[in-house]
Amino acid sequence: MKLDSMYQEIILDHYRNPLHRGLRDPFDAEVHHVNPTCGDEVTLRVKVSDGVVEDVSYESEGCSISQASASVMSDLVIGKKVDEALELEREFLALMQSRGTAEGNEDVLEDAVAFAGVSKYPARVKCALLSWMAWKDATAKAVDPAAATGAAPTPAGAPLDVPEQEKP
Amino acid sequence: MTLTESLVAGGTPGAAGFDVEQVRKDFPILARTVHDDLPLVYLDSAATSQKPLAVLDAERAYYELHNANVHRGIHVLAEEATGLYEATRDKVAAFIGATDRREVVFTKNSTEALNLVAYAMSNAETTGAEAQRFRIGPGDEIVITEMEHHSNLVPWQMLARRTGATLRWIGLTDDGRLNLDNLDAVITDRAKVVSMVHQSNILGTVNPVARIVARAREVGALTVLDGSQSVPHMPIDVAALGVDFLAFTGHKMCAPTGVGVLWGRHELLEVMPPFLGGGEMIEIVTMEGSTYAAPPHRFEAGTPMISQVVGLGAAVDYLTALGMPAIAEHEHAITGYALDALATVPATRIIGPPTDIDRGGAISFVLHDDAGRAIHPHDVGQLLDERGIAVRVGHHCARPVCLRFGVPATTRASFHLYTTTGEVDALVEGLHGVRRFFSR
């Protein structure tokens, strides 16, 4: 079935057995992001030490795509330098905005390339991006608490450049 | 215009003669396919209804033959356009049992109708003594229910914030009904306005309006009813309901988007301050100040949504010809059938009344996999869409209800006059498929 491109086995595995889940101490910043149209929510903590993402922990509620994405994202960025992790975020965002035209570089994005199929479903792109946006926001706050207060996320916590699909 | 000709030729309206297959022929979109060649199973009418040909024809005819601005100009087109616009006011009044056409105010939708009342109340502070009834301030209370759509919740939160009044609400029972045990304690003589939903968009519950209105009257509070999900589905008589205001929207009752209605008792509208200022709502304007037109025009500032109002008139004609009692009977039967059918899907939790008593055709539920783990509605909706089945997933603009029942979201199937038992069967088969997929 066509949906298999979205519901890759690797995504369903992360959904059933999420990695790094649960809120942990210590942390430098905590954020709460929601997707108001479908009720997905994530509370996410970041610990940064010497320019490296030391830990990402989270509690989240949502669909299989958003849950799996949080698992894949945290596994991918933990242990990376902040700059490298931010580069991954940009790469993942580009993949999600490709509307099914990009495959993603598996050497860089690893398990996250499994979400390439999700980009064909505009309504679901926000699900895949929720935890990434939360991580980016939390990391900005962790790295520079003063600067981050002036750059709060959108009220909805959703990226502005993703099309609004579902009318409340 | 002979808007109902095709309808009358196409079937015999009336409870006994209600023929859903015949009705479906009036809705071109129901014949389309999705995902290449799957028939469309549209179970999202609580979000918006589909439109019959008669409504589409009326809007097109308006633009092809009569388009002009209303209530101004003395040429032929202006008079025709005004005639069509005002004819809908008569039709809507008759449709809801209002005896006075001046009680029907056209708005953009239910949301705007409800905001109109809320803003009129805060504007009353700076209006003359005649608006006393609408004044609200610190110490006063606004009462709503826990099952309100955000459109009948947020405007009252905003009014409370603007005026210093307190917002209170009637809670829910576990089976999705209003908990009236402490009604007298929630609605006290401090209540200035009681606003509630007639039929819940998420739970399907039809509320006991009479009981709440009786209590509101005892304490002298204004009463507002959100009829967004009731007016399209059942016969409505504002006199029998006994409320002061009724808000509803066209697009859920086979009319175009962009038009809604606020009905209000004339003696109240007469002293109610305006919400939006502008052209058409005035009497005399000077640079120093203005006086306002009588209702309904006081509340219809600016060029209105003329073609949509004409479409609403055609929708009212269409529904009236079929007969609202027959439509209600059909939907009641479908709702009962669907509740029975959903009971055959293992571990499915209905969020809302489990029976078809005092309940409309919007059924929310949470599906679980074989391991008993909830399958998120977003995933359910996606897999159903793959089969051509359109349902709504999310919190349905009633997030407090989801919080009350401890779920992040629900899947909702909702019905209308054109829904068939075959479509319910397709839904149930689809849900079995979703369970299989996530139980792998």
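The values are calculated or read from the model by the stated rules, or taken from the named source; none is laboratory data. These numbers were taken from a predicted model, which means no experiment stands behind them. With ideal geometry, Cβ positions are generated from the backbone for all residues, glycine too; neighbour counts draw on all protein chains shown.
If the condition is being of a type in the set (D, E, K, R) and not in a strand (DSSP E or B), then segment A:1-42 contributes A:K2, A:D4, A:E9, A:D13, A:R16, A:R24, A:D25, A:D28.
Within segment B:419-437, one or more residues are within 22 Å of the chain's Cα centre (by Cα) and at pLDDT 95 or above.
The set of residues in segment A:13-33 that are within 11 Å of chain B (Cβ to nearest Cβ) and crowded, with 17+ Cβ neighbours inside 10 Å contains only A:Y15.
Might you let me know whether segment B:409-417 holds any residue that is away from chain A (no Cβ under 14 Å), touching a residue at least 12 places away in the same chain (Cβ under 8 Å) and among the polar types (S, T, N, Q)? Yes, some residue in segment B:409-417 is away from chain A (no Cβ under 14 Å), touching a residue at least 12 places away in the same chain (Cβ under 8 Å) and among the polar types (S, T, N, Q). Taking the conditions (1) facing chain B (nearest Cβ under 9 Å); (2) crowded, with 20+ Cβ neighbours inside 10 Å; (3) touching a residue at least 60 places away in the same chain (Cβ under 8 Å) in turn, A:P36 satisfies each one other than (2).
Scanning segment B:418-440 for residues that are away from chain A (no Cβ under 14 Å) and among the small types (G, A, S) gives B:G422, B:A426.
Looking only at residues in segment A:39-51 that are more than 14 Å from chain B (Cβ to nearest Cβ) and surrounded by 15 or more Cβ atoms within 10 Å (Cβ to Cβ), which one is farthest from B:Q382 (Cα to Cα)?
If we filter segment A:39-51 for residues that are more than 14 Å from chain B (Cβ to nearest Cβ), which is where we start, we get A:44-51.
Subsequent filtering for residues that are surrounded by 15 or more Cβ atoms within 10 Å (Cβ to Cβ) retains A:44-48.
Numbers: A:L44: 26, A:R45: 30, A:V46: 32, A:K47: 35, A:V48: 37 Å.
Among residues in segment A:39-51 that are more than 14 Å from chain B (Cβ to nearest Cβ) and surrounded by 15 or more Cβ atoms within 10 Å (Cβ to Cβ), the one farthest from B:Q382 (Cα to Cα) is A:V48.
Applying the criterion of at least 3 residues that are more than 14 Å from chain B (Cβ to nearest Cβ) and aliphatic (A, V, I, L, M) to the helices (runs of 4 or more DSSP H) found wholly in segment A:53-117 leaves A:64-77, A:82-96. For A:T139, the criteria (1) at pLDDT below 95; (2) among the β-branched types (V, I, T); (3) closer than 16 Å to A:V42 by Cα hold in every case but one, which is (1). Based on what the data block shows, is B:G11 within 30 Å of B:A413 (Cα to Cα) and either within 14 Å of another protein chain (Cβ to nearest Cβ) or at pLDDT below 95 (or both)? Taking the combined requirement at face value, the residue satisfies it.
The set of residues in segment B:68-79 being free of Cβ contacts under 8 Å to residues at least 24 places away in the same chain and within 28 Å of the chain's Cα centre (by Cα) is empty.
Give me the residue from segment B:105-130 that is part of a helix (DSSP H, G or I) and of a type in the set (S, T, N, Q) and, out of that set, surrounded by the fewest Cβ atoms within 10 Å (Cβ to Cβ). For segment B:105-130, the residue satisfying everything is B:T126. Residue check: A:E59 meets all listed conditions (1) at pLDDT below 95; (2) charged (D, E, K, R); (3) under 19 Å from A:A29 (Cβ atoms) but one, namely (1). Out of curiosity, is B:D237 at pLDDT 95 or above, closer than 25 Å to B:T320 by Cβ and crowded, with 24+ Cβ neighbours inside 10 Å? For B:D237, the condition - at pLDDT 95 or above, closer than 25 Å to B:T320 by Cβ and crowded, with 24+ Cβ neighbours inside 10 Å - is not met.
The residue of segment A:89-105 that is nearest to A:K120 (Cα to Cα), among those that are surrounded by 15 or more Cβ atoms within 10 Å (Cβ to Cβ) and in contact with a Phe, Trp or Tyr (Cβ under 9 Å, 6 or more places away or on another chain), is A:M96.
Here's the yes/no breakdown for (1) on the phi < 0 side of the Ramachandran plot; (2) touching an Asp or Glu at 6+ places or on another chain (Cβ under 9 Å); (3) more than 14 Å from every other protein chain (Cβ to nearest Cβ):
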{"residue": "B:L342", "(1), (2), (3)": "yes, no, yes"}
{"residue": "B:I351", "(1), (2), (3)": "yes, no, no"}
{"residue": "B:T355", "(1), (2), (3)": "yes, yes, yes"}
{"residue": "B:I363", "(1), (2), (3)": "yes, no, yes"}
{"residue": "B:I375", "(1), (2), (3)": "yes, yes, no"}
{"residue": "B:L384", "(1), (2), (3)": "yes, no, no"}
{"residue": "B:G406", "(1), (2), (3)": "no, no, no"}
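Can you tell me which residue in segment B:289-348 is surrounded by the most Cβ atoms within 10 Å (Cβ to Cβ), limited to those that are charged (D, E, K, R) and free of Cβ contacts under 8 Å to residues at least 60 places away in the same chain?
B:R298
In this structure, A:E54 does not satisfy being surrounded by fewer than 21 Cβ atoms within 10 Å (Cβ to Cβ), at negative phi, at pLDDT 95 or above and within 15 Å of the chain's Cα centre (by Cα). For the residues B:R399, B:R392, B:R359, the requirement of being of a type in the set (K, R), within 14 Å of another protein chain (Cβ to nearest Cβ), touching a residue at least 40 places away in the same chain (Cβ under 8 Å) and closer than 27 Å to B:I327 by Cα singles out B:R392.
Go through segment B:200-240 and count every residue that is farther than 17 Å from B:G264 by Cα and among the basic types (K, R). Going through segment B:200-240 one residue at a time, the tally reaches 2. From the list B:A321, B:A326, B:A315, the lone residue that is closer than 30 Å to B:V428 by Cβ and part of a helix (DSSP H, G or I) is B:A326. Close contacts from segment A:15-32, counting a first residue that is farther than 17 Å from A:V52 by Cα and a second that is surrounded by fewer than 16 Cβ atoms within 10 Å (Cβ to Cβ), with Cβ to Cβ under 6 Å and a gap of 6+ residues or different chains, come to A:L23/A:E59.
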